[in-house]
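Encoded as structure tokens, the structure appears first; notes follow it.
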């Protein structure tokens with residue numbers, strides 16, 4: 001037996017299957033407690049999301065010179081349209097004294113300040129961002145909201161500002177891991193039941209995927225605690241969806257090939273060994289594509305994007321290990337009965353030869369060129385929606401699918417106070433030219449006021465209030481003008497930060513990441529396909545179809561975001577995240593199909609091989625695509641626009657890839673290009689009949 005054959009036999013050997021099961025049980029026992037600690041290891045502070053070299057990030061670090069803890073300003077807003085009364089002012093003053101004793105509130109409470117129109121007041125409260133990140137904000141803001149609302153006598157009260165917004169974000173992400181886990185498991189269970197039509201078989205892929213998730217979470221927790229890996233709520237949430245979705249995909253492909261081999265081999269151990277030997281390379285190549293694509297994120301400027309790469313890569317690797325070892329062991333331990341009520345008997349006919357996808361292949365084979373041209377034009381038409389894509393960042397109000405208190409409070413602030421109140425710019429410079437720096441900032445268009453300069457430990461700082469709302473384009477333009485003005489002051493070494501500067505720097509870093517990472521991912525995936533298929537033409541064709549599918553999915557998504565869901569726009573990193581997931585995961589289905597086509601083409605020819613490959617893999621790949629799309633669609637259950645948009649676009653792209661691109665477009669191109677698809681390998685020099693074999697592929701077969 002060859003080395004690869006012996007390796008494939010290990011997880012399903014008569015004795016070694018028990019060894020494999022025991023090893024995974026030990027891993028689960030060890031990993032369980034560690035996986036539960038992953039949320040505690042999340043770093044949701046602003047610096048964990050920002051580009052490390054950005055000016056706003058440097059300001060966050062240098063601010064600790066003036067205050068040893070990181071803080072965010074909460075702005076308590078009071079509004080009475082008929083006019084603030086003396087009793088209202090006394091109430092706000094009493095609240096301000098109470099805020100000073102609220103847990104996690106540090107520094108001086110400023111206010112209440114009456115608006116010029118006399119209809120609103122504001123009190124600024126600095127809140128510590130502790131080791132638990134925005135959870136500290138949530139606790140303090142909840143207390144302030146309760147204090148402000150108590151005895152308000154009809155006066156509207158809100159808490160906004162960076163702390164209020166952060167607290168509402170924490171609320172939106174609260175329980176995200178549990179929500180995503182239970183929703184994803186529910187979706188996977190339902191679809192596995194529909195796919196297998198068996199009351200028992202669905203349990204084995206689900207158990208294997210669940211074990212993979214716990215082990216992956218444990219590994220990531222250890223790396224976060226001891227190796228400096230950055231994990232935040234975003235990456236932890238996507239990990240759940242990716243491991244369960246991709247793991248179930250691999251399970252479907254392996255189980256389908258195992259069921260096929262059970263009809264050819266009487267011994268189930270031998271059948272599984274053949275299934276692993278045949279399907280294993282495609283599954284490994286598929287996971288390698290995802291892992292390599294995710295690791296490309298390591299070159300990102302954005303810390304949050306850079307941290308997402310290894311988190312997802314670890315999750316996929318653990319899922320791969322579970323599906324190639326634990327799942328085969330469980331399947332052979334259970335035996336054929338687990339497929340009940342439709343058990344694959346030895347010597348029975350393979351139903352895919354005359355199934356739905358065999359008929360689809362026969363239809364495509366009649367006029368493949370017209371099919372792929374028509375399909376390509378239809379997908380190209382869907383790309384028109386890209387003109388409405390607005391991936392320039394989300395406003396504060398646009399971050400949430402609903403309207404939380406901080407958004408309402410921000411709207412009240414803008415109506416009654418200068419637009420940037422509660423979210424000022426922070427300028428830090430050397431001491432000697434500090435007054436010149438302040439004067440330069442104060443005279444910059446878009447700045448309404450500056451605070452006095454504070455000096456400490458060789459550095460000087462002050463704050464500048466923006467005239468426009470802090471998340472507006474006008475405010476971002478002001479940041480650039482202020483930076484230009486203060487940078488021009490000799491020997492100042494001035495830096496400009498604050499929430500608006502953070503938004504600006506993050507957007508620019510995300511745009512730079514898009515330009516650098518997207519071509520890199522394409523190159524990596526192209527190289528993997530070339531090695532796997534041992535050809536030059538086929539990888540280029542497959543990459544082109546996946547890119548077309550991505551563009552079509554983005555076009556349709558942009559249309560729905562604007563005209564159906566009425567979202568304000570998209571996050572700057574949205575195109576990159578969707579691209580990486582769709583290209584990495586979308587190419588999976590092409591790998592599953594084309595490795596089978598290549599296997600069949602070696603003795604049938606490319607045209608017949610394409611039809612056999614489609615007939616054999618069409619059902620399982622469609623099921624896998626539906627499961628993966630559904631798991632990503634679960635992201636839409638979260639009240640966060642960024643997650644909802646990623647979930648919708650990836651789910652749509654996976655469905656397009658599964659139902660249209662892989663099954664129709666790629667099959668038609670393969671039949672039309674015939675042996676030239678494999679140039680320059682030996683398969684490209686083997687001529688085959690132009691007509692497919694009627695006994696297998698005709699509509700009457």
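The values are calculated or read from the model by the stated rules, or taken from the named source; none is laboratory data. Owing to the predicted nature of the structure, the values given are computational and were not obtained by experimental measurement. All Cβ positions, glycine included, derive from the backbone under ideal geometry; neighbour counts span all protein chains shown.
Can you pull out every residue in region 425-445 that is within 44 Å of the chain's Cα centre (by Cα), surrounded by fewer than 20 Cβ atoms within 10 Å (Cβ to Cβ) and not in a loop (DSSP other than H, G, I, E, B)?
Scanning region 425-445 gives 430, 439, 442.
Determine if region 636-644 includes at least one residue that is assigned to a helix (DSSP H, G or I), more than 17 Å from residue 240 (Cα to Cα) and under 22 Å from the mean Cα position of the chain (by Cα).
Looking only at region 636-644, we keep the residues that are assigned to a helix (DSSP H, G or I), and these are 636-637, 641-644.
Next, only the ones that are more than 17 Å from residue 240 (Cα to Cα) stay: 641.
So of that shortlist, the ones also under 22 Å from the mean Cα position of the chain (by Cα) come out as 641.
Scanning region 636-644 turns up at least one residue that is assigned to a helix (DSSP H, G or I), more than 17 Å from residue 240 (Cα to Cα) and under 22 Å from the mean Cα position of the chain (by Cα).
Does residue 385 fit the bill of being within 26 Å of residue 165 (Cβ to Cβ) and in contact (Cβ under 8 Å) with a residue 24 or more places away in the chain? Write out each step before concluding.
Numbers: within 26 Å of residue 165 (Cβ to Cβ): no; in contact (Cβ under 8 Å) with a residue 24 or more places away in the chain: yes.
Against the criterion (within 26 Å of residue 165 (Cβ to Cβ) and in contact (Cβ under 8 Å) with a residue 24 or more places away in the chain), residue 385 does not qualify.
State yes or no: is residue 619 assigned to a helix (DSSP H, G or I) and in contact (Cβ under 8 Å) with a residue 24 or more places away in the chain?
Details: assigned to a helix (DSSP H, G or I): yes; in contact (Cβ under 8 Å) with a residue 24 or more places away in the chain: yes.
Yes, satisfied.
Going by what's in this entry, would residue 539 be described as in contact with a strand residue (DSSP E or B) (Cβ under 8 Å, 6 or more places away or on another chain) and either surrounded by fewer than 23 Cβ atoms within 10 Å (Cβ to Cβ) or without any contact (Cβ under 8 Å) to a residue 12 or more places away in the chain (or both)? It would help to see each step written out before you state the result.
Values: in contact with a strand residue (DSSP E or B) (Cβ under 8 Å, 6 or more places away or on another chain): no; either surrounded by fewer than 23 Cβ atoms within 10 Å (Cβ to Cβ) or without any contact (Cβ under 8 Å) to a residue 12 or more places away in the chain (or both): yes.
For residue 539, the condition - in contact with a strand residue (DSSP E or B) (Cβ under 8 Å, 6 or more places away or on another chain) and either surrounded by fewer than 23 Cβ atoms within 10 Å (Cβ to Cβ) or without any contact (Cβ under 8 Å) to a residue 12 or more places away in the chain (or both) - is not met.
Applying the selection to region 446-484, what residues are more than 19 Å from residue 410 (Cβ to Cβ) and part of a helix (DSSP H, G or I)?
477, 480, 481, 482, 483, 484
Where the second residue is crowded, with 21+ Cβ neighbours inside 10 Å and the first is without any contact (Cβ under 8 Å) to a residue 40 or more places away in the chain and lies in region 516-532, which pairs have Cβ atoms under 8 Å and are six or more apart or on separate chains?
526/539; 530/539
State which residue is farthest from residue 425 (Cα to Cα) when the search covers only region 81-96 and only residues that are touching a residue at least 12 places away in the same chain (Cβ under 8 Å) and part of a helix (DSSP H, G or I).
Step by step, filter region 81-96, then rank; the result is 87.
Quick one: which residue in 452, 469 is more than 34 Å from the chain's Cα centre (by Cα) and either modelled with pLDDT of 90 or more or over 30 Å from residue 283 (Cβ atoms) (or both)?
Details: 469 fails: more than 34 Å from the chain's Cα centre (by Cα).
After applying the criteria, what remains is 452.
Kindly indicate whether residue 181 is modelled with pLDDT under 90 and either over 30 Å from residue 75 (Cα atoms) or assigned by TED's automatic domain parsing to the domain that holds residue 120 (or both).
Working: modelled with pLDDT under 90: yes; either over 30 Å from residue 75 (Cα atoms) or assigned by TED's automatic domain parsing to the domain that holds residue 120 (or both): yes.
Here the answer is yes, as residue 181 does meet what is asked.
Can you tell me which residue in region 61-80 is surrounded by the most Cβ atoms within 10 Å (Cβ to Cβ), limited to those that are in a loop (DSSP other than H, G, I, E, B) and in contact (Cβ under 8 Å) with a residue 12 or more places away in the chain?
This residue is 70.
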